Structures are given as C-alpha cells and as structure tokens.
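Trainee: Below you'll find the structure I mean.
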Amino acid sequence: MRVRAFLDSLVSQGVVSSAVALVGTREEIEIEEAVGEARVGVPAEISTRFDHASVTKPFVATLALVLDAEGALPLGTRIGDVWPAAHARLARRPLSDLLRHRSGLAGWTPLYHRCRSLEEALELIARGGQDSDLVGSRVGTYSDLGFILYGRTAEISTGTALAELLRSRVLAPLGSMGVEATPGERPDLAESRMGTGQEIRLAAKQGLAVPDLGPPPLGRSQDGNCRFLAGIGEMCGHAGLFGGARDLWRLGAEWLAPGRLLNPESVAAALAGGSPFALGWWRRRLHGSGGRALSPTAFGHTGFAGNSIWIDPERGRIFVLLGSRIDPSMDINRWRRRFHRVATAPQAK
C-alpha cells in the first residue's frame, strides 16, 4: 500500500495525470499499481502504455549489443567509416561513443525547425551543424543527436528500418511486443498533456525561435524531433517508443541477468567505466533520478515524458515508474528518488 499511496500523491499533486509502478526481480513481479486517468474518464491500468520518450535509448543500446555480437555493426566502427562527410572531431570516434554520450555532439537541436527531411537532419548532425555549432561539446554531454545518428547508421548497415530492427532483434526475443513506435490512437494508451515549452527554452539558448507544438495527439510522441521524423515515416533512435511497465521489466531483467538475448560479457563491458554514462544507461547519482535508496552499482534511464527504469544488481531488483508528466518545469527526479525509497522500504506493498 505504500507504493499505492505514493502514486496517489504523485497524481494528486499534479506531477502526472496517470502513473504505473512496478517492482520485480528477474523471475517475478513483486509490486504493480496503477492510478489516475489514462485519458479523460478512462482509468489507468497495469497494462496502460505510455510514451517512453528517452527510455527508448536502452532499447536501442540493446539492439546495438545484438548487432555488435552478430558482426552486423561492430561498436568499434569509426563514425567516419559510415559517414564520410562527418566532422573531423566526430569521424574518428567509434560508434560506441554515440551511445555513451562521449562523441562531443551537442545534446539537442530543433531538427523540425532546421531541416525539411531525414536526409537533411542526418547531414546536419554528421557534419556537426552549421559552422560546427553541434560539435565540440564536453565529452559526456547527454546527447539525443548521438542516438539519432546511431539509429540511422544501424538502418544503413543492415538495410532494415530501425523500428523493424527493434521488433525482430530485441522486442520479439524479449516478449515485449507491447512496445511499438508511434502507435497512433489506441485504447490502451495514456495521453500526454504536456507541450514543448522546454524545447522553446533550449532553442532560445541556440538563438532559435520555435513555437510550442502543444500536447501531441494520442499515440504520438511528446518530443518535437520525434513528431517531425514520425511525420515523414521515420523512427529516431533517441525516443519514440510506447510501451507498458511489464515491457520495461522484461528489458531490465535481461540486463540484470543476461542470457536469453545478450551475453554476460557484452553487458559487463557496456556497463564498465566510471563516467556518468554506461552504454545506453545512466549510472546512479545521489541527486539524480536514482538516489540513495539504490545501490552504487545501479543503472537506469529516464524519459522526459515522465518515465523511468532503474536496475539494481546488488538488490536484484528492477524499478519501473511510468507517468504522463504535466509540468515540464517541475523537478520530477525528486519524485523518482522518493519512489525508490518507498519501494525499497520494508513492507513496501
């Protein structure tokens, strides 16, 4: 009941309009709760699917390990070997740096404002923007652009669309077929009530003026660049997937105890290192979304639309919190840290 009470507070205080929480081990789900309205007059359920936003990134990172193991796209491949026109600072780096946020690419730019097509968007990223405005960031800068570039690289190298690669190489083997890209209007989806005000602020820092796109239609991403790419029939690598809590639990279980899809050696290598980022994941920080309740070896990811997944190897637990965020300016990480405190406390149920 403690987790349920936490979710009730999360909704009643206007952080999210609906929420689902799950706590489980590799073998079983221990806690599942759902509160709020998925849509007006429609209560959220355990099976409700949410806009995963940047929680898409761990799925793409999983695909990257699969393609690397197959030899279809080695993570050591230099970016310049795939993108001959890549900026010199970018060309010499391996693909793995895109997924570890070590490429030096800027974090974000409004592709929907600067480009008219996927080709223009990828060219802009690969060449480092106009007058190199998208390269030269501090190594370790969290970058959506790196994942977008990797996603297209995977498509080029395999001749298969990213959504299909994820479906066939990751989602189907994990049994997570509830995950899909830009599903459109479906009865089991939670609506997003948040516009793109945060993107207005980010664009202004780049000297660009963009409009607020408003809340998205049901089944469309809250993220502006995802809306742009989905509108021209493409999936981007940094966000865009929709799914439920159990889908994320299955993904977390594979990273917690690999063997069905991933091998332990590749997972250990992906999680190795001491920077803030592993390959496709954040490492636990005391003042981030993980917090003190999780072990120092915990790793996870968040999505701006309101979601998070954290995996704690020392506890052998997976923590999933899904929600439709309402206010982009609210510090949602303190709520995530509180969720982990509640979920790890005795008698959390």
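Trainee: Can you name every residue in segment 69-89 that is within 19 Å of G280 (Cβ to Cβ) and buried (at least 20 other Cβ atoms within 10 Å of the Cβ)?
Mentor: Selection gives L73, L75, I79.
Trainee: Give R292, R336, R317, R341 a once-over and let me know the one that is among the charged types (D, E, K, R), crowded, with 22+ Cβ neighbours inside 10 Å, more than 24 Å from V139 (Cα to Cα) and over 19 Å from the mean Cα position of the chain (by Cα). Working first, answer last.
Mentor: Working: R292 fails: crowded, with 22+ Cβ neighbours inside 10 Å; R336 fails: over 19 Å from the mean Cα position of the chain (by Cα); R341 fails: crowded, with 22+ Cβ neighbours inside 10 Å.
Among R292, R336, R317, R341, only R317 is among the charged types (D, E, K, R), crowded, with 22+ Cβ neighbours inside 10 Å, more than 24 Å from V139 (Cα to Cα) and over 19 Å from the mean Cα position of the chain (by Cα).
Trainee: Can you run down the residue pairs with Cβ atoms below 7 Å, 6 or more apart or on separate chains, where the first is in segment 79-92 and among the small types (G, A, S) and the partner is crowded, with 19+ Cβ neighbours inside 10 Å and assigned to a helix (DSSP H, G or I)?
Mentor: Here the result reads A85/A126; A86/I79; A86/A126; A91/I79, each pair linking segment 79-92 to a residue that is crowded, with 19+ Cβ neighbours inside 10 Å and assigned to a helix (DSSP H, G or I).
Trainee: Counting only residues that are touching an Asp or Glu at 6+ places or on another chain (Cβ under 9 Å), outside any loop (DSSP other than H, G, I, E, B) and under 15 Å from I148 (Cβ atoms), how many does segment 96-111 have?
Mentor: The number of residues fulfilling the criteria is 1.
Trainee: Just a yes or no: is a residue in segment 40-57 in a strand (DSSP E or B), under 20 Å from R193 (Cα atoms) and in contact with a Pro (Cβ under 7 Å, 6 or more places away or on another chain)?
Mentor: First, the residues of segment 40-57 that are in a strand (DSSP E or B): 42-43, 49-51.
So of that shortlist, the ones also under 20 Å from R193 (Cα atoms) come out as 42-43, 49-51.
Add one more test, that the residue is in contact with a Pro (Cβ under 7 Å, 6 or more places away or on another chain), and what stays is none.
No: zero hits.
Trainee: Quick check: anything in segment 44-66 farther than 22 Å from G303 by Cβ and either surrounded by fewer than 18 Cβ atoms within 10 Å (Cβ to Cβ) or touching a Phe, Trp or Tyr at 6+ places or on another chain (Cβ under 6 Å) (or both)?
Mentor: Checked segment 44-66: no residue is farther than 22 Å from G303 by Cβ and either surrounded by fewer than 18 Cβ atoms within 10 Å (Cβ to Cβ) or touching a Phe, Trp or Tyr at 6+ places or on another chain (Cβ under 6 Å) (or both).
Trainee: Of the numbered conditions (1) buried (at least 16 other Cβ atoms within 10 Å of the Cβ); (2) on the phi < 0 side of the Ramachandran plot, S275 fails exactly one; give the number of that condition.
Mentor: (1)
Trainee: Let me ask something else. State yes or no: is E27 over 12 Å from the mean Cα position of the chain (by Cα), of a type in the set (D, E), outside any helix (DSSP H, G or I) and within 25 Å of G280 (Cβ to Cβ)? Break it down into steps so the answer makes sense when it comes.
Mentor: Details: over 12 Å from the mean Cα position of the chain (by Cα): yes; of a type in the set (D, E): yes; outside any helix (DSSP H, G or I): yes; within 25 Å of G280 (Cβ to Cβ): yes.
It is true that E27 is over 12 Å from the mean Cα position of the chain (by Cα), of a type in the set (D, E), outside any helix (DSSP H, G or I) and within 25 Å of G280 (Cβ to Cβ).
Trainee: Report, ordered by the first and then the second residue, all pairs with beta carbons closer than 6 Å, sequence separation of six or more or different chains, a first member in segment 150-178 that is farther than 29 Å from P84 by Cα, and a second member that is surrounded by fewer than 17 Cβ atoms within 10 Å (Cβ to Cβ).
Mentor: L171/M177
Trainee: Now for a separate question. Among the numbered conditions (1) buried (at least 24 other Cβ atoms within 10 Å of the Cβ); (2) out of contact with any helix residue (DSSP H, G or I) (no Cβ under 7 Å at 6 or more places or on another chain); (3) not in a helix (DSSP H, G or I), tell me where Y142 comes up short.
Mentor: (1)
Trainee: Taking the options L124, L134, name whichever one is buried (at least 18 other Cβ atoms within 10 Å of the Cβ), in contact (Cβ under 8 Å) with a residue 12 or more places away in the chain, outside any helix (DSSP H, G or I) and more than 19 Å from the chain's Cα centre (by Cα).
Mentor: Numbers: L124 fails: outside any helix (DSSP H, G or I).
Residue meeting the stated conditions: L134.
Trainee: Report the residue count in segment 155-168 for those that are more than 28 Å from L218 (Cβ to Cβ) and either under 17 Å from the mean Cα position of the chain (by Cα) or buried (at least 22 other Cβ atoms within 10 Å of the Cβ) (or both).
Mentor: Summing the residues that are more than 28 Å from L218 (Cβ to Cβ) and either under 17 Å from the mean Cα position of the chain (by Cα) or buried (at least 22 other Cβ atoms within 10 Å of the Cβ) (or both) in segment 155-168 gives 0.
Per-residue answers, yes or no, for (1) over 26 Å from D8 (Cα atoms); (2) out of contact with any strand residue (DSSP E or B) (no Cβ under 9 Å at 6 or more places or on another chain); (3) of a type in the set (F, W, Y):
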position	(1), (2), (3)
G243	no, no, no
P264	yes, yes, no
L271	yes, no, no
G290	no, no, no
L294	no, no, no
D331	no, yes, no
F339	no, no, yes
P346	no, yes, no
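Trainee: Show the residue pairs meeting these rules: Cβ distance below 6 Å; 6+ apart or different chains; first residue within segment 26-41 and modelled with pLDDT of 95 or more and exposed (fewer than 15 other Cβ atoms within 10 Å of the Cβ); second residue in a strand (DSSP E or B) and among the acidic types (D, E).
Mentor: That search, which allows pairs on different chains as well, returns nothing.
Trainee: Spot the failing condition for A230; the list is (1) more than 14 Å from V55 (Cα to Cα); (2) among the small types (G, A, S); (3) modelled with pLDDT of 95 or more; (4) in contact with a Ser or Thr (Cβ under 8 Å, 6 or more places away or on another chain), and only one is missed.
Mentor: (3)
Trainee: Which residues, counting only those in segment 306-340, are farther than 28 Å from P258 by Cβ and either basic (K, R) or without any contact (Cβ under 8 Å) to a residue 12 or more places away in the chain (or both)?
Mentor: If the condition is that a residue be farther than 28 Å from P258 by Cβ and either basic (K, R) or without any contact (Cβ under 8 Å) to a residue 12 or more places away in the chain (or both), then R325, D331, R334, R338 are the ones that fit.
Trainee: Hey, among the residues in segment 220-243 that are among the hydrophobic types (A, V, I, L, M, F, W, C) and in a loop (DSSP other than H, G, I, E, B), which one's surrounded by the fewest Cβ atoms within 10 Å (Cβ to Cβ)? So that I can check it myself, show each step before the final result.
Mentor: As a first pass, look at segment 220-243 and keep what is among the hydrophobic types (A, V, I, L, M, F, W, C): 226, 228-230, 232, 235-236, 239, 241-242.
Checking which are in a loop (DSSP other than H, G, I, E, B) leaves us with 232, 235-236, 239.
Numbers: I232: 12, M235: 25, C236: 27, A239: 27.
If we take residues in segment 220-243 being among the hydrophobic types (A, V, I, L, M, F, W, C) and in a loop (DSSP other than H, G, I, E, B), then I232 is surrounded by the fewest Cβ atoms within 10 Å (Cβ to Cβ).
The values are calculated or read from the model by the stated rules, or taken from the named source; none is laboratory data. This is a predicted model, so every value here is computed, not measured. A quick note on method: Cβ atoms are made from the backbone with ideal geometry, for glycine too, and the neighbour counts reach across all protein chains shown.
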